[in-house]
Amino acid sequence: VLGKQGAGKGTQCVRLSRHYVIPHISTGDLFRTAAAAQTPYGKLVEHYIAEGELVPDDVVIGVVAERLAEDDTIRKGFVLDGFPRTLAQAEGLAELLAPDDLDLVLDLEIPKEVALARLSERRVCVSCGTNYSLSRPPKFDWTCDICGGEVVQREDDSEEAIRRRLMLYEEETAPLVAWYEERGKLAVIDGLGEPDEVQARMVAAIDAAIRSRHQ
Ligand code: ADP
Ligand code: ZN
């Protein structure tokens, strides 16, 4: 799933993984977990994340390669969230999957102003990563509805890091939309509206792609 920061990618990808009962693979989550555990590669990636910079392609591809080699993804498939974000990553992914390929790439579209507004409102559970916002807070006092963890603003949701990430999106990630379009893999999804509506659009696009493949 492609889409600007703030498009609701994370939340929608978690829901897709539940709907289709397949693993959810978020490179951002994998990096944050590694950084929190201070593993060697966690230490390597943490300053890129804090500054809103992209983690180097070879590191990202290595982490995804490991995850895709695990049992559950091999058996069930997967939904990729926040990967690929550069042409090199898309090419690396194609190599990892060959002779198979992705079924479909969803591009979740929202205007830049909406992205900025949503990111500055975003709050997230430090324990399980569930997203909230100033306008959709947890039920009790910034305590996660799901796990009871503390809900805070992400460190890389500072105004400066947000601006940097959106710029990198335009430069590095937006070209992937045309790249997957040329390969007949792309469905563009309107990311505006209620999360339920957006989810329904995504599921409809995926189901249509599955149906046409089986015809
Ligand atoms: P967001 O989409 O809101 O920026 P993510 O959780 O997807 O948040 O990513 C957080 C950070 O992790 C990114 O700003 C970047 O530093 C790093 N990151 C995640 N995925 C990738 C990727 N595919 N390539 C490079 N860096 C990545
Ligand atoms: Zn939580």
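Where a number appears in this text, it was derived from the coordinates with a stated rule and is not lab data. All values reported here derive from a predicted model rather than from experimental measurement. So basically every Cβ, Gly included, is an ideal-geometry build from the backbone, and we count neighbours across all protein chains shown.
Counted residue by residue at 0.36 nm each, then reduced by the alpha carbon distance between them, the extension gain from Asp190 to Ala36 reaches 52.1 nm.
Please give the FRET efficiency for Ala178 paired with Ala208, using the beta carbon to beta carbon distance and R0 = 25 Å, rounded to the nearest 0.05. Walk me through the intermediate numbers first.
Values: r = 21 Å, r/R0 = 0.84.
After rounding to 0.05, the efficiency reads 0.75.
So which residue, out of Gln153, Gln38, Gln12, gets the largest mean-square fluctuation from a GNM of the chain using Cα contacts under 10 Å as springs? Looking only at Gln153, Gln38, Gln12, the biggest GNM fluctuation is shown by Gln38. Legend: ranking of residues Asp72, Asp29 from fewest to most surrounding C-beta atoms inside 10 Å; resulting order Asp72, Asp29.
Given the -39500 (n - 2.57) contribution per DSSP H run of 4+ residues, what per-residue ellipticity at 222 nm results for the chain, rounded to the nearest 500 deg cm²/dmol?
On the way: 10 runs with 110 residues, N = 215.
About -15500 deg cm²/dmol.
One chain, two ends: Leu68 and Leu134. Fully extended at 0.36 nm per residue, the span grows by 20.3 nm beyond their Cα-Cα distance.
Evaluated at 25 °C with a viscosity of 0.890 mPa s, what Stokes-Einstein diffusion coefficient in µm²/s does segment 1-71 have when Rh comes from the Kirkwood expression over alpha-carbon pairs?
185 µm²/s
Across segment 58-150, the volume of the C-alpha convex hull divided among the residues equals 147 Å³ per residue. Backbone phi angles across segment 109-121, fed through the Karplus curve with coefficients 6.51, -1.76 and 1.60 (θ = phi - 60°), yield HN-Hα couplings of 9, 9, x, 4, 5, 5, 4, 4, 5, 5, 5, 6, 8 Hz in residue order; Gly and Pro are listed as x. Applying 1/(1 + (r/R0)^6) with R0 = 41 Å to the Cβ-Cβ distance of Lys43 and Gln215 gives a FRET efficiency near 0.25.
Here the contact order of the chain, divided by its residue count and restricted to Cα pairs under 8 Å and six or more residues apart, works out to 28 percent.
Which whole-number percentage describes the relative contact order of segment 110-215, with Cα contacts under 8 Å and a sequence gap of 6 or more?
Values: 79 pairs, mean separation 19.9, N = 106.
Computed value for segment 110-215: 19 percent relative contact order.
Only the Cβ atoms of Lys and Arg (+1) and of Asp and Glu (-1) were treated as charged; on that basis the dipole of the chain about its Cα centre amounts to roughly 540 debye.
Let a ≥ b ≥ c be the square roots of the eigenvalues of the Cα gyration tensor of the chain; is it rounded (a/c under 1.5), or, if not, prolate (a/b larger than b/c) or oblate? The partial results should precede the final answer.
Numbers: a/c = 1.41, a/b = 1.22, b/c = 1.16.
Since a/c stays below 1.5, the shape of the chain is classed as rounded.
Residues whose amide H falls under 5 Å from that of Asp107, counting only those 5 or more places apart or on a different chain, are Leu2, Ala187, Val188, Ile189, with hydrogens built in the peptide plane.
Phi angles across segment 17-27 convert, under the Karplus curve 6.51 cos²θ - 1.76 cosθ + 1.60 with θ = phi - 60°, into 3J(HN,Hα) values of 5, 6, 4, 9, 6, 9, x, 9, 10, 10, 5 Hz, Gly and Pro given as x. Dipole orientation for the chain: of the candidates Leu97, Thr173, Gly8, Gly8 has the Cα lying most toward the positive pole (charges on Cβ; Lys, Arg +1; Asp, Glu -1).
Counted over the chain, the DSSP beta bridges are approximately 45% antiparallel. Rg over Rh of segment 109-176, using C-alpha atoms and the Kirkwood radius, what does it come to? My calculation of the ratio gives 1.05.
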